[in-house]
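Take a look at the structure set out below.
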Amino acid sequence: MSVKILVVDDDAEIRDVLHIYLRNEGYQVVEAEDGVKALELLRHEQFDLIILDIMMPNLDGISACLKIRENSGIPIIMLSAKGEDIDKITGLSTGGDDYMTKPFNPLELIARIKALLRRQNYASLVQPTNEGEICIDDLVINKDYHQVTVRGKEVSLTPIEFSILELLAAHRGQVFSIDKIYQKVWKEQTAFFSENTVMVHIRNIREKIEVNPRTPQYIKTVWGVGYRIDK
């Protein structure tokens, strides 16, 4: 079965361009002109990935992303004409897995789509084992089922957030630089890398698993070096 991608953008020309490039890669493409239509489609169809513009009428991409994240961990790439760091942080903080600024290179977008789909496919292919859990105090990471519980309560992480947490938890005591986390999790070199991407995902994880994200119990910052989970 071919990969099915939902393209959400109010600009018909951008949708047309993306449709052509995605179809050339063998992907099935469905289009929506705003967040309202996208949410309607998601209620009736299954998709493997969403390309979601931020600036749209009726329901913008930020609001749509928040609604999607209420019950879905589907990979989402945010698009925006705004390139400021605060805009990227906002897009990633609402649950986006990646962010691209318009105008963008369609080939770069394809590369990022493939990277996210690889992560998603790996998660779905993992088979249960008897050693599928990592326990750190009251944090339990089930690698086989991609579930995380903290203090007995399940928390919802996006695929990228889970992969970052699993990486740090599986190598307790080891410090990972931002660059190394990106390479390990996204399975890409850093040609399209923005350090804010990793930093925002770390912040999102802390908001979900820490009692006080400002004084984290689990993911520690090693200033000037990177991040680690202590032994």
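Only the coordinates and a few stated rules stand behind these numbers; no lab work does. Everything numeric here is computed off the predicted structure, so don't read it as measured data. Don't worry about glycine lacking a Cβ; one is built from the backbone with ideal geometry, like all the others, and counts go over all protein chains shown.
Which whole-number percent of Cα pairs in the chain have a distance greater than 25 Å?
Details: 10775 of 26565 pairs.
Here the tail beyond 25 Å accounts for 41 percent of pairs.
So which of 114/187; 114/143; 82/208; 4/114; 4/82 end up more than 19 Å apart by C-alpha? Working shown, then result.
Values: 114/187 10 Å; 114/143 22 Å; 82/208 27 Å; 4/114 12 Å; 4/82 27 Å.
Violating the 19 Å Cα-Cα cut-off are 114/143; 82/208; 4/82.
Return a whole-number percent for the relative contact order of the chain, with Cα pairs under 8 Å and 6 or more residues apart as the contact set.
Details: 361 pairs, mean separation 31.8, N = 231.
Computed value for the chain: 14 percent relative contact order.
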3J(HN,Hα) from dihedral phi, the stretch 132-139, Karplus parametrisation 6.51/-1.76/1.60, rounded to Hz, x for glycine, proline
x, 10, 10, 10, 10, 6, 9, 9
Listed residues 142, 47, 91: farthest to the positive end of the dipole of the chain (Cβ charges)
142
Counted neighbours (other Cβ, 10 Å), sorted fewest up, put 143, 102 in the order 102, 143
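Under 1.5 on a/c is rounded, so check that first for the stretch 4-124, then, if it is not, pick prolate when a/b is larger than b/c and oblate when it is not; a ≥ b ≥ c are the square roots of the alpha carbon gyration tensor eigenvalues. Walk me through the numbers on the way to the answer.
On the way: a/c = 1.14, a/b = 1.08, b/c = 1.06.
It is rounded, given that a/c, with a ≥ b ≥ c, falls under 1.5.
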Whose amide H sits under 5 Å from the amide H of residue 175, counting only residues 5 or more places off or on another chain, with H placed in the peptide plane?
none
Under 5 Å between amide hydrogens, which residues at least 5 positions from residue 99 or on another chain qualify, with H placed 1.01 Å from N in the peptide plane?
78
What is the stretch 4-124's relative contact order, in percent, from Cα pairs under 8 angstrom and six or more apart in sequence?
23 percent
Only helices at least 24 Å long along their own axis, judged from Cα atoms, and with Kyte-Doolittle mean hydropathy of -1.0 or greater: name those in the chain from DSSP H.
106-125
Would you grab the residues whose amide H sits under 5 Å from the one on residue 73? Only those 5+ places off in sequence or on another chain, please, with H modelled 1.01 Å from N.
none
